């Protein structure tokens, strides 16, 4: 206990130096928290997607390919498939803003069976199903855009040549903010047909809910086999693999983040070590006195190490705090790209960052600690700083 | 003025602290410059892909070549328009191309991503900057052969010379590697137009027409003519504008770069401040002496600021130097406009390196400011009396 108090006093002795080191460690760890938070978000996305055993059917050609609308019924009729809907990315502009939020063309009758965890008022659902131009939105999206029920939402197509004039009839609650709007696929398709566009009749992708987790793989395989020799062969994967695909596309960024993280840890260790060495140099006489009155080598060693760990730990606490605030801010700014709030993402990775902070303290303190422990009492007392 | 030598000698006298601070700031600058080098490489690849005289003709409403489709009748009419430049043998420089995407695995378990396969006629080569075959040979039509760039062969499974890429259960042999001046074409796989459309079972399909205008005047006239013709329902934009619109791919990386740069600059600034405070604290008597023999407060302030900036500058230069081995190393990421892979090389132009150096100077200036102010606030008598 006494040692702890002594360590704390030492930390507080040169407040300026300690706080500078803490700030230095803090800002750099804040960066690491943000980068790792981003990676944790990708993992969380995959884990969340795995819970609901949904599968995604897309063309082997990727997003530019076609999945004929008739295939939705074929998928629906297959064994172990509970529900299936077309799910087509519209990507339109709202009030001259591109990508203001996500818009999907889907089937109002079935869509809440594929996403049963999304809740909507039955009356609103009925209206969504009966009005061709109706649309529903995530409650948080509606709040962000300040939409009222009954509001008209015009969307201008970017790659679709047909512009939409939608009416908001309801909002749904989802576990995470999806930042998306759903409208009737048939409304879009009829518009395209009227223009005799060759983009008509395309479901985009098909989202389907399977009976249980074990059947997912067999259903995926069965679907692909069924369409393999058709004009539009498909590639079916689980929702989490689908999510993983987007992560994969970004490519080497993850390795890059790790490299940057290592560089940061390394330079932080140097920074903290310099500060610690400076502190100990000023205290040479003091350490000699401690040893002269009977402090053991080990105790001196632990005192110095304790001090450096404390400082780095406080820096870590500060950094992770700032980092989490930033992540939360990004989530509130754009739920489409940062779908999880910090509370949902919190996990062992935060603890690991905390340990990294303490580790930085340990490594940076080790050389000054050993030097202090090895200090000869006579030399130390004689040295004048 | 206090000579610079005084500061340099001081840095040398405390060489362990100096070295550690230099290495720490060096790492920070390195990490930031690396990110900017990535953005610069990506943007460079897109920028040089566009020729000011070239026009890309797509279906009205398409954002990217991959979502475009043009009827072959229309494509033929476009080729005969007036104002298109002619090649050496008198044929119009107008290339009808079919662009499609396949999801293919990267090498070394790098996950799967989308790959652009482009079906071309021979004229397409003249429309790309410095197109040349660098290994193997060019494709022959009708026998399902493909060529690609060396970077793509290294990044993707089944794309090395001698390997086979499967397209709709038909094997395409890789017969050569090409270069196209580092442009976006080097992120693609090329094959014969008819071979590709037959394999995809969409005979006669055309995605885009790429053409070169005779001069800027006829370019504007051509665009005007193509867009206004109601029969065509086409969108015609200059290649430069087309690739400019794909820069969105680099925005995310640029954002990451600024976040990294911002946070780390702060972190390193505090580290530099720490070092400089220690320097000021241990040199009280020196400062007192300098004042006593007549150096003004302002020259002492400048001297400490210079020392701090030199300290960080050393780190900055070291960090910039350490990025140079990465220059030209190729990597890839998603081009969100086409949902496909784009390869590019790290590029550390003078401006990128200058940004790293400026960052280091800012660290030194801000980090040294408060310690320098403390130094000049010392009273001469107190300073001289210090142990």
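The values are calculated or read from the model by the stated rules, or taken from the named source; none is laboratory data. None of the values given here were measured: they were computed from a predicted structure. Cβ atoms come from the backbone with ideal geometry, glycine included; neighbour counts cover every protein chain shown.
Determine if segment B:73-88 includes at least one residue that is in contact (Cβ under 8 Å) with a residue 60 or more places away in the chain, in a strand (DSSP E or B) and touching a helix residue (DSSP H, G or I) at 6+ places or on another chain (Cβ under 8 Å). Within segment B:73-88, one or more residues are in contact (Cβ under 8 Å) with a residue 60 or more places away in the chain, in a strand (DSSP E or B) and touching a helix residue (DSSP H, G or I) at 6+ places or on another chain (Cβ under 8 Å). When segment B:98-120 is filtered for residues that are in contact with a helix residue (DSSP H, G or I) (Cβ under 7 Å, 6 or more places away or on another chain), facing chain A (nearest Cβ under 10 Å) and not in a strand (DSSP E or B), only B:111 remains. Taking the conditions (1) touching a helix residue (DSSP H, G or I) at 6+ places or on another chain (Cβ under 9 Å); (2) in a loop (DSSP other than H, G, I, E, B) in turn, residue B:211 satisfies each one other than (2). Exactly one residue out of A:273, A:241 is buried (at least 20 other Cβ atoms within 10 Å of the Cβ) and either within 11 Å of chain B (Cβ to nearest Cβ) or within 17 Å of the chain's Cα centre (by Cα) (or both): that is A:273. Residues considered: A:78, A:58, A:93. Of these, the only one that is touching a residue at least 40 places away in the same chain (Cβ under 8 Å) and either surrounded by 20 or more Cβ atoms within 10 Å (Cβ to Cβ) or under 30 Å from residue B:24 (Cβ atoms) (or both) is A:58. Candidates in segment A:133-160 are the residues that are in a loop (DSSP other than H, G, I, E, B) and in contact with a strand residue (DSSP E or B) (Cβ under 7 Å, 6 or more places away or on another chain); of these, the one that is farthest from residue A:187 (Cα to Cα) is A:147. All conditions in (1) more than 14 Å from every other protein chain (Cβ to nearest Cβ); (2) over 30 Å from the mean Cα position of the chain (by Cα); (3) buried (at least 17 other Cβ atoms within 10 Å of the Cβ) hold for residue A:149, with the sole exception of (3). Residue count for segment A:360-380 under the criterion of being surrounded by fewer than 16 Cβ atoms within 10 Å (Cβ to Cβ) and either over 44 Å from the mean Cα position of the chain (by Cα) or under 12 Å from residue A:265 (Cβ atoms) (or both): the result is 5. If you check residue A:208 against the conditions, is it at pLDDT 90 or above and surrounded by 18 or more Cβ atoms within 10 Å (Cβ to Cβ)? Answer is yes for this residue.
In segment B:71-97, how many are within 21 Å of residue B:220 (Cβ to Cβ) and within 14 Å of another protein chain (Cβ to nearest Cβ)? Of the residues in that region, 1 qualify.
Of everything in segment B:144-183, what is part of a loop (DSSP other than H, G, I, E, B) and buried (at least 19 other Cβ atoms within 10 Å of the Cβ)? Give them in sequence order.
Taking segment B:144-183 and keeping what is part of a loop (DSSP other than H, G, I, E, B), we get B:144, B:149, B:157-163, B:168-169, B:181-183.
Selection gives B:144, B:149, B:159, B:182, B:183.
Condition test on residue B:186, is it touching a helix residue (DSSP H, G or I) at 6+ places or on another chain (Cβ under 7 Å), in a strand (DSSP E or B) and more than 14 Å from every other protein chain (Cβ to nearest Cβ)? No; evaluated as a whole, the condition is false for this residue. With respect to the conditions (1) within 30 Å of the chain's Cα centre (by Cα); (2) in a loop (DSSP other than H, G, I, E, B); (3) within 14 Å of another protein chain (Cβ to nearest Cβ), residue A:205 lacks only one, and its number is (2). For segment A:212-229, the tally of residues that are exposed (fewer than 12 other Cβ atoms within 10 Å of the Cβ) and either touching a residue at least 60 places away in the same chain (Cβ under 8 Å) or touching a strand residue (DSSP E or B) at 6+ places or on another chain (Cβ under 9 Å) (or both) stands at 3.
Taking residue B:43, is it more than 10 Å from chain A (Cβ to nearest Cβ), out of contact with any helix residue (DSSP H, G or I) (no Cβ under 6 Å at 6 or more places or on another chain) and surrounded by fewer than 23 Cβ atoms within 10 Å (Cβ to Cβ)?
On the way: more than 10 Å from chain A (Cβ to nearest Cβ): yes; out of contact with any helix residue (DSSP H, G or I) (no Cβ under 6 Å at 6 or more places or on another chain): no; surrounded by fewer than 23 Cβ atoms within 10 Å (Cβ to Cβ): yes.
In short, no.
When residue A:128 is tested against (1) surrounded by 18 or more Cβ atoms within 10 Å (Cβ to Cβ); (2) closer than 27 Å to residue A:239 by Cα; (3) under 30 Å from the mean Cα position of the chain (by Cα), only condition (3) is not met.
The one condition from (1) crowded, with 20+ Cβ neighbours inside 10 Å; (2) within 14 Å of another protein chain (Cβ to nearest Cβ); (3) part of a helix (DSSP H, G or I) that residue A:63 does not meet is (1).
Specify which of the listed residues (A:279, A:308) is at pLDDT 90 or above, more than 29 Å from the chain's Cα centre (by Cα), within 14 Å of chain B (Cβ to nearest Cβ) and buried (at least 22 other Cβ atoms within 10 Å of the Cβ). Walk me through how you get there before you give the answer.
Numbers: A:279 fails: at pLDDT 90 or above.
Exactly one residue qualifies, and that residue is A:308.
Can residue B:253 be described as more than 8 Å from chain A (Cβ to nearest Cβ), surrounded by fewer than 23 Cβ atoms within 10 Å (Cβ to Cβ) and touching a strand residue (DSSP E or B) at 6+ places or on another chain (Cβ under 8 Å)?
Numbers: more than 8 Å from chain A (Cβ to nearest Cβ): no; surrounded by fewer than 23 Cβ atoms within 10 Å (Cβ to Cβ): yes; touching a strand residue (DSSP E or B) at 6+ places or on another chain (Cβ under 8 Å): yes.
For residue B:253, the condition - more than 8 Å from chain A (Cβ to nearest Cβ), surrounded by fewer than 23 Cβ atoms within 10 Å (Cβ to Cβ) and touching a strand residue (DSSP E or B) at 6+ places or on another chain (Cβ under 8 Å) - is not met.
Looking at A:37, A:62, A:46, which is the one that is on the phi > 0 side of the Ramachandran plot, modelled with pLDDT under 90 and under 28 Å from the mean Cα position of the chain (by Cα)? Answer to the check: A:62.
Pairs are defined by a Cβ separation below 9 Å, a sequence spacing of at least 6 or placement on different chains, a first member in segment A:367-385 that is within 14 Å of chain B (Cβ to nearest Cβ), and a second member that is in a loop (DSSP other than H, G, I, E, B) and modelled with pLDDT of 85 or more; the pairs so defined are A:385/A:283.
Being in contact with a helix residue (DSSP H, G or I) (Cβ under 9 Å, 6 or more places away or on another chain) and either within 30 Å of residue A:13 (Cα to Cα) or crowded, with 20+ Cβ neighbours inside 10 Å (or both): is that true of residue A:267 here?
On the way: in contact with a helix residue (DSSP H, G or I) (Cβ under 9 Å, 6 or more places away or on another chain): yes; either within 30 Å of residue A:13 (Cα to Cα) or crowded, with 20+ Cβ neighbours inside 10 Å (or both): yes.
Yes: the conditions hold for residue A:267.
The residues on offer are A:234, A:284, A:247, and the sole one that is under 30 Å from residue B:340 (Cβ atoms), touching a residue at least 60 places away in the same chain (Cβ under 8 Å) and more than 11 Å from chain B (Cβ to nearest Cβ) is A:234. Select from segment A:2-12 the residues that are under 40 Å from the mean Cα position of the chain (by Cα) and surrounded by 13 or more Cβ atoms within 10 Å (Cβ to Cβ) and list them in ascending order. Within segment A:2-12, A:7, A:8, A:10, A:11 meet the criteria.
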